[in-house]
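Written below as structure tokens is the structure these notes are about.
The values are calculated or read from the model by the stated rules, or taken from the named source; none is laboratory data. Computed from a prediction, not measured in an experiment: that's the story for all the values here. Every residue, glycine among them, receives a Cβ derived from its backbone with ideal geometry; neighbour counts consider all protein chains shown.
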Amino acid sequence: MQNAHDIIIRPVLTEKSYDFLPSKVYTFIVDKKASKTEVKQAVEEVFGVKVDSVHTVNVLGKIKRQGAHEGRRPSVKKAYVKLKKDSKGIEFFDSITQ
């Protein structure tokens with residue numbers, strides 16, 4: 001198993017992710033090889049919260065062009081982490097919404 005800080009790469013800070021915050025659903029970019037169970041354990045370890053469920057999405061990188069040449073941005077894996085009702089929120093996100 002990987003280190004918990006290697007599994008969670010960064011939070012996703014978008015309007016859509018902000019809409020999920022009141023229902024205690026947080027969005028992260030995670031390691032492509034990480035399973036839902038590993039993501040759950042990593043979030044619980046790093047933030048000290050209780051996770052209810054994890055949904056993952058593999059996002060294909062966008063096609064970008066520079067003149068006649070075409071390439072892709074890197075693909076990523078997103079995880080939507082829902083916390084249990086009795087769990088406290090993640091402080092990093094709480095400071096953003098206030």
Among residues of the range 46-67, those that are in a strand (DSSP E or B), aliphatic (A, V, I, L, M) and surrounded by fewer than 11 Cβ atoms within 10 Å (Cβ to Cβ), counted = 2
Check whether at least one residue in the range 5-18 is in contact with an Asp or Glu (Cβ under 6 Å, 6 or more places away or on another chain) and either farther than 21 Å from Asp94 by Cα or at pLDDT 95 or above (or both), and report yes or no.
-> yes
Just wondering, is there one or more residues in the range 35-45 that are under 21 Å from Asp94 (Cβ atoms), in contact with a strand residue (DSSP E or B) (Cβ under 6 Å, 6 or more places away or on another chain) and assigned to a loop (DSSP other than H, G, I, E, B)?
-> no
Would you pick out the residues in the range 15-65 that are in contact (Cβ under 8 Å) with a residue 24 or more places away in the chain, farther than 14 Å from Lys77 by Cα and among the polar types (S, T, N, Q)?
-> Ser23, Gln41, Ser53
Would the range 75-92 turn up any residue that is modelled with pLDDT of 95 or more and in a loop (DSSP other than H, G, I, E, B)?
-> yes
Only one residue in Lys85, Lys77 is in contact (Cβ under 8 Å) with a residue 40 or more places away in the chain and loosely packed, with under 10 Cβ neighbours inside 10 Å, so which one is that?
-> Lys85
Those residues that are farther than 15 Å from Lys88 by Cα, surrounded by fewer than 18 Cβ atoms within 10 Å (Cβ to Cβ) and among the hydrophobic types (A, V, I, L, M, F, W, C), I need them from the range 21-34; list them, please.
-> Ile29
